[in-house]
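See below for the structure under consideration.
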Amino acid sequence: MSSARVCCAGECAVAEAGHVAPEMPFLKPFRDKRRDSRSHQLAKGGAELRGTGASGNRTEPKAAPRVLSRRDGALPAEHLPLILEVAPNADYALLDSGAGQKLEQYGPYRIVRPEGQAIWQKALPAKDWDRADAIFTGDTDEEGIGRWRFPKTPLGETWPMKHDGIDYLGRFTSFRHVGVFPEQASHWDHMAGLIAAAKRPVKVLNLFGYTGLASLVAARAGAEVTHVDASKKAIGWARENQEMAGLSQKPIRWIVDDALKFAEREERRGSRYDIVLFDPPAYGRGPRGEVWQLFEDLPDLTDLCRSILTPKPLAVVLTAYSIRASFFAMHALMRDTFAGMGGTVESGELIIREKSAGRALSTSLFSRWVA
């Protein structure tokens, strides 16, 4: 998944080819509760992720809100709308979409999953969709591989995958996801470039890190990485991916913790990072029952991300899925938060380019400050 392309104001440019695509409609994000709570749902039955955790059913009281005030200084420059695109490649492809579904190729497997934004009609004939190896048939809170149907041969929970030469495990989870969000490849490639260009030691903090692909990309590029997720299960998967990728000797700290509380402690400890990634759900719970509400807590966490940067930081990247908002809201938050820091705030959407008819499937909003 290394063929990410950058599109500005409807124009898509492939760096090596200089190809310009036609202008495309702007796609508004929808509310997908399955994705909102992808980490929260892992906790069902296991209290392993944003659930009750080690403290049983006790819910920790929320700390007093951080006192925020508008910062002095000039706002960073701005670049928007920026559309970051992942095109089909040998590791991953969005083969077709429509009628509320998407047909994807993950390595050797052809997979059908629900996709609420695919409100158009399928471009490929039914016989191409009927060749699927795995089909997700509906929501479930069960553990295991739940509501997946395997029309050909029953498949195990995991299978080998690659991203840009990094081996990892795809997974059939009971909440529709497969252990990776391929649209994030655009951010991963950008981050790896920043790390390589820095020509100095770089520290990366990955909050809400899930199964660790971003952390592995950063570590391979030469960074020292701190990976934080509230799920023991997700951290276990991430460690498996590190071993499978042959990156066990790379400096990655795997930490089970609530992202907001961890950032608060890092601020008090004086720990600092050159790059911060955070990919919060709309709603979730920490390992001790801490409640995360994106619209309530995002300003605090964004402010903390600024406060734990090194004196010569490289970037802060925020991604948000399944929220009823425009990226302009995130853009304004990031510009205000990074006032006086210089640099540029780039905001827009992550999209996946469909192979069948070339349509753009919008997956999430993002805003990133780049020094």
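The values are calculated or read from the model by the stated rules, or taken from the named source; none is laboratory data. Since this is a predicted model, take the numbers as computed values, not measurements. Quick reminder, even Gly has a Cβ in these numbers, built from the backbone with ideal geometry, and neighbours come from all protein chains shown.
Looking at GLU224, GLU264, which is the one that is surrounded by fewer than 18 Cβ atoms within 10 Å (Cβ to Cβ) and of a type outside the set (Gly, Ala, Ser)?
Answer to the selection: GLU224.
With ALA123, ALA118, ALA87, ALA134 as the choices, which residue is closer than 28 Å to LEU247 by Cα and in contact with a strand residue (DSSP E or B) (Cβ under 8 Å, 6 or more places away or on another chain)?
ALA87
Filter segment 91-100 down to residues that are touching a Lys or Arg at 6+ places or on another chain (Cβ under 8 Å) and touching a residue at least 24 places away in the same chain (Cβ under 8 Å) and give me whichever is farthest from PRO125 (Cα to Cα).
Here the answer is ASP91.
With the structure loaded, tell me whether ARG200 is without any contact (Cβ under 8 Å) to a residue 24 or more places away in the chain, assigned to a loop (DSSP other than H, G, I, E, B) and either among the hydroxyl-bearing types (Ser, Thr, Tyr) or out of contact with any His (no Cβ under 8 Å at 6 or more places or on another chain) (or both) or whether it fails that test.
Details: without any contact (Cβ under 8 Å) to a residue 24 or more places away in the chain: yes; assigned to a loop (DSSP other than H, G, I, E, B): yes; either among the hydroxyl-bearing types (Ser, Thr, Tyr) or out of contact with any His (no Cβ under 8 Å at 6 or more places or on another chain) (or both): yes.
Criteria met by ARG200.
For (1) under 17 Å from the mean Cα position of the chain (by Cα); (2) crowded, with 20+ Cβ neighbours inside 10 Å; (3) more than 19 Å from MET191 (Cβ to Cβ), each residue gets a yes or a no:
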{"site": "VAL276", "(1), (2), (3)": "yes, yes, no"}
{"site": "PRO287", "(1), (2), (3)": "no, yes, yes"}
{"site": "LEU294", "(1), (2), (3)": "yes, no, yes"}
{"site": "LEU298", "(1), (2), (3)": "yes, yes, yes"}
{"site": "PRO311", "(1), (2), (3)": "no, no, yes"}
{"site": "ILE323", "(1), (2), (3)": "yes, yes, yes"}
{"site": "GLY343", "(1), (2), (3)": "no, no, no"}
{"site": "GLU346", "(1), (2), (3)": "yes, yes, no"}
{"site": "ARG359", "(1), (2), (3)": "no, yes, yes"}
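Among the residues of segment 95-142, count how many are under 26 Å from LYS162 (Cα atoms), of a type in the set (S, T, N, Q) and either assigned to a strand (DSSP E or B) or modelled with pLDDT of 95 or more (or both).
Count: 3.
Could you grab me the full set of residues in segment 287-314 that are assigned to a loop (DSSP other than H, G, I, E, B) and touching an Asp or Glu at 6+ places or on another chain (Cβ under 9 Å)?
Passing the criteria: PRO287, ARG288, GLY289, GLU290, ILE308, THR310, LYS312, PRO313, LEU314.
Out of all the residues in segment 238-256, is one or more in contact with a Lys or Arg (Cβ under 8 Å, 6 or more places away or on another chain) and acidic (Asp, Glu)?
no
Take the residues in segment 278-290 that are of a type in the set (Gly, Ala, Ser) and in contact with a helix residue (DSSP H, G or I) (Cβ under 6 Å, 6 or more places away or on another chain); name whichever of them is farthest from TYR321 (Cα to Cα).
Once the filter is applied, the top-ranked residue is GLY284.
Looking at (1) out of contact with any helix residue (DSSP H, G or I) (no Cβ under 8 Å at 6 or more places or on another chain); (2) in contact (Cβ under 8 Å) with a residue 40 or more places away in the chain, find the lone condition where MET341 falls short.
(1)
Out of the helices (runs of 4 or more DSSP H) lying entirely within segment 206-286, which hold 3 or more residues that are at pLDDT below 95?
Once the helices (runs of 4 or more DSSP H) in segment 206-286 are filtered for at least 3 residues that are at pLDDT below 95, what remains is 232-244, 259-269.
List every residue pair whose Cβ atoms lie under 8 Å apart, where the two residues are 6 or more positions apart in sequence or sit on different chains, the first residue falls within segment 148-172 and is within 18 Å of TYR210 (Cα to Cα) and without any contact (Cβ under 8 Å) to a residue 40 or more places away in the chain, and the second residue, located anywhere, is part of a strand (DSSP E or B) and of a type in the set (D, E, K, R).
Qualifying pairs under 8 Å: GLU157/ARG171; THR158/ARG171.
Do you know which residues across segment 326-368 are among the polar types (S, T, N, Q) and either in a helix (DSSP H, G or I) or under 18 Å from ILE275 (Cβ atoms) (or both)?
Within segment 326-368, THR337, THR344, SER347, SER367 meet the criteria.
Do you know which residues across segment 230-273 are farther than 21 Å from VAL180 by Cα and among the hydrophobic types (A, V, I, L, M, F, W, C)?
LEU260, PHE262, ALA263
Just to be sure, is ILE275 in contact with a helix residue (DSSP H, G or I) (Cβ under 7 Å, 6 or more places away or on another chain) and under 26 Å from GLY348 (Cβ atoms)?
Answer is yes for this residue.
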